[in-house]
Amino acid sequence: MNFKRIKENNVLKILTNSYIVILIIFLSWMLFFDENTHLNREFNREIKELNNTVNFYKKEIKRDQLQDSLQLERFAREKYLMKKENEDVYIIEFDIVK
């Protein structure tokens, strides 16, 4: 008796339909396992931004045409606040109240 009532349940009939089962499997695959998921799109966008940043810095260095390595080091330290591994960089800002 109990099994007959469960079998006649409309929700169970819909969920056990083969088209619905295939649709659920397809949607879960597209949302979580596909190559073009939302997460991969974010990662690809971040990679593009980082590559654009690298290209920007390369163009800036070429534009300034710094030949000497000491000038290049000074330029990178002053303009982009870069440092060596063993160094600490302190930025001192003066507040001038008039």
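Some observations on this one:
- Scanning the range 49-63 for residues that are acidic (Asp, Glu) and modelled with pLDDT of 85 or more returns a single hit, GLU49.
- Every condition in (1) touching a helix residue (DSSP H, G or I) at 6+ places or on another chain (Cβ under 7 Å); (2) not in a helix (DSSP H, G or I) holds for ILE20 except the one numbered (2).
One line per residue, one yes/no per condition, for (1) within 30 Å of LYS79 (Cβ to Cβ); (2) within 12 Å of the chain's Cα centre (by Cα):
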position	(1), (2)
ASN10	no, no
ASN17	no, no
ILE25	no, no
PHE32	no, no
ASN36	no, no
ILE47	yes, yes
PHE56	yes, no
LYS59	yes, no
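The values are calculated or read from the model by the stated rules, or taken from the named source; none is laboratory data. All values reported here derive from a predicted model rather than from experimental measurement. All Cβ positions, even for glycine, are placed from backbone atoms using ideal geometry, and neighbour counts span all protein chains on display.
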